[in-house]
1. Kindly evaluate residue 118 against the criterion of being out of contact with any Cys (no Cβ under 6 Å at 6 or more places or on another chain) and within 16 Å of the ligand (Cβ to nearest atom).
2. Inspect the range 89-104 for any residue being under 17 Å from residue 24 (Cβ atoms), assigned to a loop (DSSP other than H, G, I, E, B) and open to solvent by 40 Å² or more (accessible area, probe 1.4 Å) and give the result as yes or no.
3. Kindly list, by first and then second residue, each pair from a residue in the range 36-49 that is among the acidic types (Asp, Glu) to a residue that is buried (at least 17 other Cβ atoms within 10 Å of the Cβ), limited to pairs with Cβ atoms under 6 Å and residues at least 6 apart or on different chains.
4. Any idea which residue in the range 52-63 is farthest from the ligand (Cβ to nearest atom), counting only those that are open to solvent by 10 Å² or more (accessible area, probe 1.4 Å) and part of a strand (DSSP E or B)?
5. Does the range 150-159 hold any residues that are surrounded by fewer than 16 Cβ atoms within 10 Å (Cβ to Cβ) and either touching a residue at least 40 places away in the same chain (Cβ under 8 Å) or aliphatic (A, V, I, L, M) (or both), and which are they?
6. Could you list, in sequence order, the residues of the range 46-88 that are closer than 12 Å to residue 130 by Cβ and of a type in the set (Gly, Ala, Ser)?
7. Applying the selection to the range 32-51, what residues are touching a helix residue (DSSP H, G or I) at 6+ places or on another chain (Cβ under 8 Å) and away from the ligand (no atom under 15 Å from the Cβ)?
8. Give the range 105-141 a look and list any residue that's open to solvent by 50 Å² or more (accessible area, probe 1.4 Å) and over 22 Å from residue 77 (Cβ atoms), or say none.
Amino acid sequence: MKILDIRVLGDPVLRKETTAIENISDDIKELVSNMFDTMYAAQGIGLAAPQVGRSERVAVVDVEGARHVLINPEVIETEGTSRGEEGCLSIPEIYGDVTRPARVVVRAQNEDGETVEIEGTELLGRCLQHEIDHLDGKLFIDYLSMLKRRSVMSKWEKMKDDYPGFVRKVALELKGTHHSEGEL
Ligand SMILES: [Zn+2]
């Protein structure tokens with residue numbers, strides 16, 4: 001079990017495009033396992049590689065027992081729209097409403113290299129889209145209105161010094177009273 005440092009808003013890795021994984025090596029399998037450990041330790045429901053400083057196209061999610069490894073995921077179908085609150089392990093304690101498709105079908109490979117299709121609505125649908133956005137260098141705050149985004153950024157300005165070098169130490173965080181439920 002290895003808990004990785006989570007990179008927070010301001011780290012350029014969060015804005016970097018990821019590269020497709022061609023070979024699911026032992027290194028990738030170890031990364032996936034460490035990402036699950038990190039996500040659970042931080043009480044998140046999803047985590048994408050850039051959030052732990054990596055630029056491979058991989059994310060993990062666990063929403064209400066629906067546990068998925070997403071290697072090279074892509075959204076292949078969307079339907080409807082839904083508005084709901086999101087947070088992000090890389091932008092602690094900041095929340096905002098985001099409008100997204102209400103239902104998505106995602107095609108990805110699992111850690112055995114098998115192609116899987118995952119249908120998600122409600123929280124799972126939202127989480128899948130949020131994580132795939134991370135793999136494209138996109139963050140949920142990008143969807144907020146100019147006004148809301150400005151207020152979020154001024155709040156973040158006051159908090160960001162808690163994360164020197166854009167690093168969030170998860171094990172230390174757990175001793176505090178942070179509310180990370182629902183952070184993706
Ligand atoms: Zn996130």
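1. No.
2. Scanning the range 89-104 turns up no residue that is under 17 Å from residue 24 (Cβ atoms), assigned to a loop (DSSP other than H, G, I, E, B) and open to solvent by 40 Å² or more (accessible area, probe 1.4 Å).
3. 37/3
4. Step by step, filter the range 52-63, then rank; the result is 56.
5. Selection gives 153, 155, 159.
6. Within the range 46-88, 46, 48, 59, 84, 87 meet the criteria.
7. 34, 41
8. 111, 112
The values are calculated or read from the model by the stated rules, or taken from the named source; none is laboratory data. Worth saying up front: this structure is predicted, and the values here are computed from it rather than measured. Note that each Cβ is placed from the backbone with ideal geometry, even for glycine, and that neighbours are counted across all protein chains shown. Calculation scope for accessible area: heavy atoms of the full protein, side chains included, ligands and nucleic acids excluded. Shrake-Rupley method; radii C 1.70, N 1.55, O 1.52, S 1.80 Å.
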